Amino acid sequence: MRILPAQALRVLAACGREWQDAGMNGIAGIELGGTKTVVVLGTPGAIEAREEFPTTTPDETLNRAIATVRGWQQGRTLEAVGVGSFGPIRVDRAAADFGVMLDTPKQGWAGADVAGVLEAALGLPLGLDTDVNAAALAEHRYGAAQGCANTAYITIGTGVGVGLLANGVPVHGLMHPEVGHVRLRRAAGDAFAGACPFHGDCIEGLLSGPALAARFGRHPATVEASDPAWHPVALDLAELLAMLLLAFSAQRIVVGGGVSNRQPHLLPAALDRLPGLLGGYLRDCTPAALARICVPAALGDDAGPMGALIVGADLR
């Protein structure tokens, strides 16, 4: 069992007690990830029960999530379901295709009516956002980004996604942020073509788990931290951090996801390169300040599921 920092545990326990004292019923949260799906029962900041399973086809995955939530509905009244989904997915509730998966790299999922299927089966009010916006909300309220109005959450895993909060509110617009598909300056001499089926060497095509496997020729978990193959990867991550500081004026950049959680050397290596990329332009971004701004996720793998509970609870 993963142990959260003591301060985070105290905050989460207090939040759960507040909801119980107020007589609130539970929320179901669904983190729909590119590799796995996590379904949780709880209240904002407190997960009471969870189920995890692989994200396979839309029918199989959504039906398994539905069965899990229906099981919990047998024992208590649920107020809502919150979904944090991989994307791109339509999050504009006024759009005719609200909750429909758009042109995603995840095979078989383009056109899947995620929100429609879940709403029809569960009969609950449904909140929807991206998995990274949901994780950003959780880290902002309970984790590493508390007190930071402008927050970015980076997940490096099956894909690369960036959730953005402006004044504590998830950023939406034409759709939702798709920072993972931005192209940035490449490391000198790095000839890797990238692995994104849409853009080749965008950030996701360079940093995601599948991209790293293609770059290294083996699973990234087997590559030692001292291997020089990580050098261009660290520079790619540093370019992403620099872009978020310059374009979004992020007060806190939280880095999570399977790759970063299992390769904790990657963020410090990127931070070593970051001042050189900024070139002294941002005087507030000293090396010490950058180490406070760009931090690992405090909630680890719980950030997405906790964020899904927040997305559901915010419908109230």
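The values are calculated or read from the model by the stated rules, or taken from the named source; none is laboratory data. It should be emphasised that the depicted structure is a prediction, and the values quoted were computed from it without experimental measurement. Using ideal geometry, Cβ is built from the backbone for each residue, glycine included, and neighbour counts are taken over all protein chains shown.
Here are some residues: Leu126, Leu78. Which one is outside the structural domain of Leu237 (by TED's automatic domain parsing), under 21 Å from the mean Cα position of the chain (by Cα) and not small (Gly, Ala, Ser)?
Details: Leu78 fails: under 21 Å from the mean Cα position of the chain (by Cα).
Going through Leu126, Leu78 in turn, just one is outside the structural domain of Leu237 (by TED's automatic domain parsing), under 21 Å from the mean Cα position of the chain (by Cα) and not small (Gly, Ala, Ser): Leu126.
When Gly87, Gly108 are screened for being closer than 21 Å to Gly180 by Cα and either modelled with pLDDT under 95 or acidic (Asp, Glu) (or both), only Gly87 passes.
Which is free of Cβ contacts under 8 Å to residues at least 60 places away in the same chain and in contact with a helix residue (DSSP H, G or I) (Cβ under 8 Å, 6 or more places away or on another chain), of Val259, Val255, Val233?
Values: Val259 fails: free of Cβ contacts under 8 Å to residues at least 60 places away in the same chain; Val255 fails: free of Cβ contacts under 8 Å to residues at least 60 places away in the same chain.
After ruling out the rest, the residue left standing is Val233.
Just to verify a result, which residue in the stretch 70-100, among those that are without any contact (Cβ under 8 Å) to a residue 24 or more places away in the chain and more than 24 Å from Pro44 (Cα to Cα), is surrounded by the fewest Cβ atoms within 10 Å (Cβ to Cβ)? Ranking the candidates gives Ala94 first. Within the stretch 189-209, the set of residues being farther than 10 Å from Gly159 by Cβ and not small (Gly, Ala, Ser) comprises Asp190, Phe192, Pro197, Phe198, His199, Asp201, Cys202, Leu206. All of Ala270, Ala234, Ala225 fail the test of being farther than 19 Å from Val182 by Cβ and not β-branched (Val, Ile, Thr), apart from Ala225. When the stretch 49-75 is examined, which residues are found to be modelled with pLDDT of 95 or more, outside any helix (DSSP H, G or I) and not β-branched (Val, Ile, Thr)? The answer is Ala49, Arg50, Glu51, Glu52, Phe53, Pro54.
So which residues in the stretch 149-169 are β-branched (Val, Ile, Thr) and closer than 16 Å to Leu240 by Cα, if there are any at all?
Our first condition is that a residue be β-branched (Val, Ile, Thr); within the stretch 149-169, this holds for 151, 154-156, 158, 160, 162, 169.
Once the filter is applied, which keeps residues that are β-branched (Val, Ile, Thr) and closer than 16 Å to Leu240 by Cα, the stretch 149-169 yields Thr151, Ile154, Thr155, Ile156, Val160, Val162.
Scanning the stretch 174-200 for residues that are within 20 Å of the chain's Cα centre (by Cα) and not small (Gly, Ala, Ser) gives Leu174, Met175, His176, Pro177, Glu178, Val179, His181, Val182, Arg183, Cys196.
Checking each residue in the stretch 200-212 for being of a type outside the set (S, T, N, Q), more than 21 Å from Gly189 (Cβ to Cβ) and touching a helix residue (DSSP H, G or I) at 6+ places or on another chain (Cβ under 8 Å) picks out Glu204, Gly209.
Looking across the stretch 239-295, the residues that are modelled with pLDDT of 95 or more and charged (D, E, K, R) come down to Glu239, Arg252, Asp272, Arg273, Arg292. Meeting the requirement of 2 or more residues that are surrounded by fewer than 16 Cβ atoms within 10 Å (Cβ to Cβ), the helices (runs of 4 or more DSSP H) wholly within the stretch 196-272 are 230-248.
Among the residues of the stretch 206-222, write down those that are free of Cβ contacts under 8 Å to residues at least 12 places away in the same chain and either within 18 Å of Val182 (Cβ to Cβ) or not hydroxyl-bearing (Ser, Thr, Tyr) (or both).
At the first step, the residues of the stretch 206-222 found to be free of Cβ contacts under 8 Å to residues at least 12 places away in the same chain are 213, 217-219, 222.
Within the stretch 206-222, Ala213, Gly217, Arg218, His219 qualify.
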